[in-house]
1. Here is a check on your reading of the model: is Glu44 within 14 Å of the chain's Cα centre (by Cα), in a loop (DSSP other than H, G, I, E, B), of a type in the set (D, E, K, R) and surrounded by 13 or more Cβ atoms within 10 Å (Cβ to Cβ)?
2. How many of the residues in the range 19-45 are modelled with pLDDT of 90 or more and within 24 Å of Lys93 (Cβ to Cβ)?
3. Yes or no: the range 62-70 includes at least one residue that is surrounded by 14 or more Cβ atoms within 10 Å (Cβ to Cβ), at pLDDT below 90, in a strand (DSSP E or B) and not aliphatic (A, V, I, L, M).
4. Mind listing just one residue for me: the one in the range 71-88 that is touching a residue at least 60 places away in the same chain (Cβ under 8 Å) and surrounded by 13 or more Cβ atoms within 10 Å (Cβ to Cβ) and, of those, nearest to Ala9 (Cα to Cα)?
5. List every residue pair whose Cβ atoms sit under 6 Å apart, with the two residues 6 or more apart in sequence or on different chains, where the first one lies in the range 44-62 and is farther than 14 Å from Gly8 by Cα and the second, anywhere, is at pLDDT below 95 and of a type in the set (Ser, Thr, Tyr).
6. β-branched (Val, Ile, Thr), surrounded by 10 or more Cβ atoms within 10 Å (Cβ to Cβ) and touching a residue at least 40 places away in the same chain (Cβ under 8 Å), is that true of Thr26?
Amino acid sequence: MKREYKPGAHVIFVNSHGKPQNALVTVFWDGGMDYNSEDYEGQEPCLNLTIVSLDEKKDDQYGRQIERNNTSIVHRTSQTAHGFYWCWPDEYKGM
């Protein structure tokens, strides 16, 4: 899978209850790194993302509402808890 570190990238967000959700990246916190460089070898960045709400009561005339997670969400390799992390779709086996 080709990984592109840019807004709009598709990732999997695993919420604090361990439930996976498809998500779109709004920003990668790159800290000046060029993650798209073929030479980069290191830790995945934190990011912000948006998801479609899982709450069926959050429908409106435009469809299901979106939710934003405005905190810097860490990659699964940096998270010791069972949730609240992101990963690439090919890294998540449980969906």
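The values are calculated or read from the model by the stated rules, or taken from the named source; none is laboratory data. None of the values given here were measured: they were computed from a predicted structure. FYI the Cβ positions are ideal-geometry reconstructions off the backbone, even for glycines, and counts take in every protein chain you see.
1. Taking the combined requirement at face value, the residue satisfies it.
2. 10
3. So far as the range 62-70 goes, yes, one or more of its residues are surrounded by 14 or more Cβ atoms within 10 Å (Cβ to Cβ), at pLDDT below 90, in a strand (DSSP E or B) and not aliphatic (A, V, I, L, M).
4. Filtering the range 71-88 for residues that are touching a residue at least 60 places away in the same chain (Cβ under 8 Å) and surrounded by 13 or more Cβ atoms within 10 Å (Cβ to Cβ), the one nearest to Ala9 (Cα to Cα) comes out as Trp88.
5. Correct list of pairs: Cys46/Ser72.
6. When the stated conditions are applied, Thr26 passes them.
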